[in-house]
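The values are calculated or read from the model by the stated rules, or taken from the named source; none is laboratory data. Please read these numbers as outputs of a predicted model, since none were measured by experiment. Positions of Cβ are generated from backbone atoms using ideal geometry, with glycine treated the same way; all protein chains shown enter the neighbour counts.
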Amino acid sequence: MENLPQKSNSFVLFGASGDLSFRKLMPAWFYLERSGKLDDSLKILGVARQDITTEQFQEKVIDALNLYVSSEYFDDEVCNKLIKRIDYCCCDLQNPDDYQKINSSLSGWSKPIAYYLAIPPNLFETVCDGLNSIQILTNESRIVVEKPIGYNLDSSREINDKLSKYFSESQIYRIDHYLGKETVQNLITLRFANSLFSSQWNSKSIEYIEITAAESVGIEGRWGYFDGVGQMRDMVQSHILQLLCLIAMEPPSRLNDEGIRSEKVKVLQALRPITDDDIADSFIKAQYADGQILDNKKPGYLNEEGANSESTTETFVCIKAQIENWRWSGVPFYVRTGKRMASKTTQIVVHFKSDGHYIFDRNHEDLEGNTLIISLHPIEGISLKVYTKPHGVDQHMSIRSDPMSLDFIKTQQLLNIPSGYQSLLMDILIADQSLFLCKEEVELSWEWCDNAFERWQKSSQVLYSYPVGSNGPLESELFIKKNGHKWHE
Ligand code: BG6
């Protein structure tokens, strides 16, 4: 019988006083504590450069929990229980001698230990070398890294190579927090547990699919970072391509890491590279200009604090992707994502084909097929647009459309949907890699994005502009219209 991996109850967080730690990870630990899911023996060691005591660090965590845990969930008793698990170690990651301090802090802690690198990728190797130098790594240790893994294919390979010096693939957890979102995981259930959808999920029944990830936030004080990245690398390379994989993949033979990841890899392999001939119809980039969201004036990207007014980094992209395989041949997957748009909306819209022969009221002859909306934000749920006859004696051959809707919060009587990080943290502890990216997925995604960038660079495509608070540039409407399709608003 296969040996099950050992559960980890020791968690080390590098970059413990950073934004990710306070805004996402600590609140996620809080929610897990609140749900009683954590073993009594679980311990968390925060590692950061700041020269503060454990008590001072714990105070900072309490402040962060007060800020980022919703008030209806906050509970002093839960907070105290979590705080007791947390230790702190001040460490200059570049100083090899400082790793002894980590060693002392971890003395007596149970193995295997999970190491979460919430730090810039240029420090990954240094930290791995440091951990190796104190001889703390075992075959069961886990190393956790966040997307984006690198800046392009070459740099992602470099990072993967560095990690593989000390860790095998089964020990590396590459996080894309979208995979931790319940509604994203629900794509698998929706598709493969409902014969109504599984039987129609192909090019015979589906006309086109949209993925929209519109954000109303801007660069939020991280202009320098974002300008070197752009929306394609920030949102498409991992989050959106992962959504696309889950929408398009074949049913995995098993619902485990190997089964799911190998089907996602096949989708990425079948993703048609954008060519010089179709760049204009497949990829547009834009930048936000001065405008307003709900009466609040906001500066354009080039007028943000710390901006370089010459920057050509995109804050919006719109893509037509195609998957060349039996299931999806001829079905366009339209993607649009941008910062500082009218509102935060994350949704997948599946447009089914309409019936070939039409027998109803001539006024509705151009009736579109049914539409399935899978919404991640602002609500988490699904909605299917169906046609019915309006009631009334004078309405006998007319048609109306209404949504059949499921709001997961209401139907499952949840107070709020857990953040993606909770399930990911639990999975790290129990060594389940199903919701983490394998090396091949990361590299294939970069390969596809690098190629799109290269084609765009070589073409005479212009960087379009859109006002803050809009739905993106006008060109993104024309882009989809050219194919006789339209965005679902
Ligand atoms: C992050 C990006 O990975 O995802 C951010 O770096 C983006 O720029 C965020 O805002 C979006 O995540 P969510 O969960 O709010 O849709």
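Worth a mention:
- Of all residues making up the range 461-489, the number that are free of Cβ contacts under 8 Å to residues at least 60 places away in the same chain and of a type in the set (Val, Ile, Thr): 1
- Matching residues, the range 456-489, being part of a loop (DSSP other than H, G, I, E, B) and either under 24 Å from the mean Cα position of the chain (by Cα) or of a type in the set (A, V, I, L, M) (or both): Val462, Val468, Gly469, Asn471, Gly472, Pro473, Trp487, His488, Glu489
- For the range 144-174, the candidate set comprises residues that are of a type in the set (Val, Ile, Thr) and out of contact with any Leu (no Cβ under 6 Å at 6 or more places or on another chain); within that set, the residue that is modelled with the lowest pLDDT is Ile149.
- Some residue of the range 116-124 being aromatic (Phe, Trp, Tyr), assigned to a loop (DSSP other than H, G, I, E, B) and either closer than 17 Å to Phe14 by Cα or touching a helix residue (DSSP H, G or I) at 6+ places or on another chain (Cβ under 8 Å) (or both): no
- Top-ranked residue of the range 208-234 - restricted to ones that are within 16 Å of the ligand (Cβ to nearest atom) and of a type in the set (A, V, I, L, M), ranked as nearest to the chain's Cα centre (by Cα): Ala213
- Any hit, the range 166-178, residues being among the acidic types (Asp, Glu), out of contact with any Pro (no Cβ under 9 Å at 6 or more places or on another chain), over 17 Å from Leu13 (Cβ atoms) and without any contact (Cβ under 8 Å) to a residue 40 or more places away in the chain: no
- Applying the criterion of being outside any helix (DSSP H, G or I) and in contact with a Gly (Cβ under 8 Å, 6 or more places away or on another chain) to the residues of the range 407-422, the residue that is farthest from the ligand (Cβ to nearest atom) is Asp407.
- The residues in the range 235-253 that are surrounded by fewer than 20 Cβ atoms within 10 Å (Cβ to Cβ) and either near the ligand (Cβ under 8 Å from one of its atoms) or within 17 Å of Val350 (Cα to Cα) (or both) can be counted, and the count is 1.
- If the condition is being surrounded by fewer than 20 Cβ atoms within 10 Å (Cβ to Cβ), hydrophobic (A, V, I, L, M, F, W, C) and not in a helix (DSSP H, G or I), then the range 173-205 contributes only Ala193.
- Every pair of residues 6+ apart whose Cβ atoms lie under 6 Å, when the first sits in the range 269-298 and is more than 25 Å from Glu443 (Cα to Cα) while the second is part of a helix (DSSP H, G or I) and at pLDDT 95 or above: Gln287/Tyr301; Tyr288/Tyr301
- Selection status of Ser354, within 16 Å of the ligand (Cβ to nearest atom) and either part of a loop (DSSP other than H, G, I, E, B) or under 26 Å from Leu241 (Cβ atoms) (or both): no
- Search result, residues across the range 368-381 that are assigned to a loop (DSSP other than H, G, I, E, B) and modelled with pLDDT of 90 or more: Gly369, Asn370, Pro378, Ile379, Glu380
- Among the residues making up the range 327-355, those that are in contact with a Phe, Trp or Tyr (Cβ under 6 Å, 6 or more places away or on another chain) and more than 20 Å from Met249 (Cα to Cα) are Gly338, Arg340.
For (1) without any contact (Cβ under 8 Å) to a residue 40 or more places away in the chain; (2) more than 26 Å from the chain's Cα centre (by Cα); (3) more than 30 Å from Gln231 (Cβ to Cβ), each residue gets a yes or a no:
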| position | (1), (2), (3) |
| --- | --- |
| Ile379 | yes, no, no |
| Asp402 | yes, yes, yes |
| Asp407 | yes, no, no |
| Tyr421 | no, no, no |
| Met426 | no, no, yes |
| Glu441 | no, no, no |
| Asn451 | no, no, no |
| Glu454 | yes, no, no |
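- Among residues of the range 320-349 that are on the phi > 0 side of the Ramachandran plot and within 14 Å of the ligand (Cβ to nearest atom), those with a Cβ under 7 angstrom from a residue that is part of a loop (DSSP other than H, G, I, E, B) and of a type in the set (A, V, I, L, M), sequence gap 6+ or separate chain, pair up as Arg340/Val468.
- Looking only at the range 40-80, residues that are out of contact with any Ser or Thr (no Cβ under 6 Å at 6 or more places or on another chain), in contact (Cβ under 8 Å) with a residue 60 or more places away in the chain and closer than 22 Å to Ser107 by Cβ come to 2 in all.
- From the list Ser170, Ser164, the lone residue that is under 23 Å from the mean Cα position of the chain (by Cα), small (Gly, Ala, Ser), surrounded by fewer than 19 Cβ atoms within 10 Å (Cβ to Cβ) and more than 16 Å from the ligand (Cβ to nearest atom) is Ser170.
- Some residue of the range 13-34 being of a type outside the set (Asp, Glu) and more than 23 Å from Arg142 (Cα to Cα): yes
- Screening Glu310 with (1) touching a residue at least 40 places away in the same chain (Cβ under 8 Å); (2) farther than 19 Å from His239 by Cβ; (3) not hydrophobic (A, V, I, L, M, F, W, C) gives one miss only, at (1).
A quick yes/no check of all residues on (1) surrounded by 12 or more Cβ atoms within 10 Å (Cβ to Cβ); (2) hydroxyl-bearing (Ser, Thr, Tyr); (3) within 16 Å of the ligand (Cβ to nearest atom); (4) not in a loop (DSSP other than H, G, I, E, B):
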site	(1), (2), (3), (4)
Ser383	yes, yes, no, yes
Met397	no, no, no, no
Ser405	yes, yes, no, yes
Leu424	yes, no, yes, yes
Ser434	yes, yes, no, no
Glu443	yes, no, no, yes
Trp448	yes, no, no, yes
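- Residue in the range 278-286 that is more than 20 Å from the chain's Cα centre (by Cα), away from the ligand (no atom under 16 Å from the Cβ), in a loop (DSSP other than H, G, I, E, B) and buried (at least 22 other Cβ atoms within 10 Å of the Cβ) present: no
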